[in-house]
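Have a look at the structure below before the remarks.
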Amino acid sequence: MEIFHTTFALQLIFVLGILNLVSAIAVLLTCRCVGVTAIAQKLMKYTWYQRFYAFHCYIWWIFWISVVVHAIFALGAFGFPF
């Protein structure tokens, strides 16, 4: 398809890659079960972090949608490497 071979597609791949990294870090910082609890316990005393912590489930949605769209555009633009 033509849309995968445009400048927009390459820009979208780049932006979604950055969003993947940021949202993955956000998921880890707000996760209730992963071993970053030492950091989370120190941050939990701040009200801004408590509000941020409440959005954990929404951050997962952003992360997975970003990963799927990123993968579709990357495969469309660069092809399957194997």
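The values are calculated or read from the model by the stated rules, or taken from the named source; none is laboratory data. Just so it is clear, the structure is predicted and the values come from calculations on it, not from any experiment. Using ideal geometry, Cβ is built from the backbone for each residue, glycine included, and neighbour counts are taken over all protein chains shown.
Going by the conditions given, is Leu10 hydrophobic (A, V, I, L, M, F, W, C), at pLDDT below 90 and surrounded by 13 or more Cβ atoms within 10 Å (Cβ to Cβ)? Explain how you work it out, then say what you get.
Working: hydrophobic (A, V, I, L, M, F, W, C): yes; at pLDDT below 90: no; surrounded by 13 or more Cβ atoms within 10 Å (Cβ to Cβ): yes.
Criteria not met by Leu10.
Per-residue answers, yes or no, for (1) of a type outside the set (Ser, Thr, Tyr); (2) surrounded by 13 or more Cβ atoms within 10 Å (Cβ to Cβ); (3) in contact (Cβ under 8 Å) with a residue 24 or more places away in the chain:
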position	(1), (2), (3)
Ile39	yes, no, no
Tyr46	no, no, no
His56	yes, yes, yes
Ile59	yes, yes, yes
Ile62	yes, yes, yes
Ser66	no, yes, yes
Phe73	yes, yes, yes
Gly76	yes, yes, yes
Pro81	yes, no, no
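Starting from the range 8-23, take each residue that is in contact (Cβ under 8 Å) with a residue 12 or more places away in the chain and part of a helix (DSSP H, G or I) and list its partners that are of a type in the set (A, V, I, L, M, F, W, C) and exposed (fewer than 12 other Cβ atoms within 10 Å of the Cβ), counting only C-beta distances under 8 angstrom and pairs at least six apart or across chains.
Ala9/Ile3
With the structure loaded, tell me whether Ile18 is touching a Gly at 6+ places or on another chain (Cβ under 8 Å) and on the phi < 0 side of the Ramachandran plot or whether it fails that test. Step through it out loud before you land on a result.
Working: touching a Gly at 6+ places or on another chain (Cβ under 8 Å): no; on the phi < 0 side of the Ramachandran plot: yes.
So Ile18 fails the test.
In the range 38-53, how many residues are outside any loop (DSSP other than H, G, I, E, B) and in contact with a helix residue (DSSP H, G or I) (Cβ under 8 Å, 6 or more places away or on another chain)?
To start, the set of residues in the range 38-53 that are outside any loop (DSSP other than H, G, I, E, B) comprises 38-43, 47-53.
Among the residues that remain, those that are also in contact with a helix residue (DSSP H, G or I) (Cβ under 8 Å, 6 or more places away or on another chain) are: 39-40, 43, 49, 52-53.
The qualifying residues number 6.
Select from the range 24-37 the residues that are assigned to a helix (DSSP H, G or I) and touching a residue at least 24 places away in the same chain (Cβ under 8 Å) and write down the one among them that is farthest from Ala9 (Cα to Cα). First the steps, then the outcome.
If we filter the range 24-37 for residues that are assigned to a helix (DSSP H, G or I), which is where we start, we get 24-30, 37.
Then drop every residue that is not touching a residue at least 24 places away in the same chain (Cβ under 8 Å), which leaves 24, 26-27, 30.
Values: Ala24: 22, Ala26: 25, Val27: 26, Thr30: 31 Å.
So the residue we want is Thr30.
Taking only the range 22-37 into account, find how many residues are loosely packed, with under 11 Cβ neighbours inside 10 Å and either of a type outside the set (Lys, Arg) or touching a strand residue (DSSP E or B) at 6+ places or on another chain (Cβ under 9 Å) (or both).
Residues of the range 22-37 that are loosely packed, with under 11 Cβ neighbours inside 10 Å, as a first pass: 32-33, 35.
From what's left, either of a type outside the set (Lys, Arg) or touching a strand residue (DSSP E or B) at 6+ places or on another chain (Cβ under 9 Å) (or both): 33, 35.
Residues in the range 22-37 being loosely packed, with under 11 Cβ neighbours inside 10 Å and either of a type outside the set (Lys, Arg) or touching a strand residue (DSSP E or B) at 6+ places or on another chain (Cβ under 9 Å) (or both): 2 in total.
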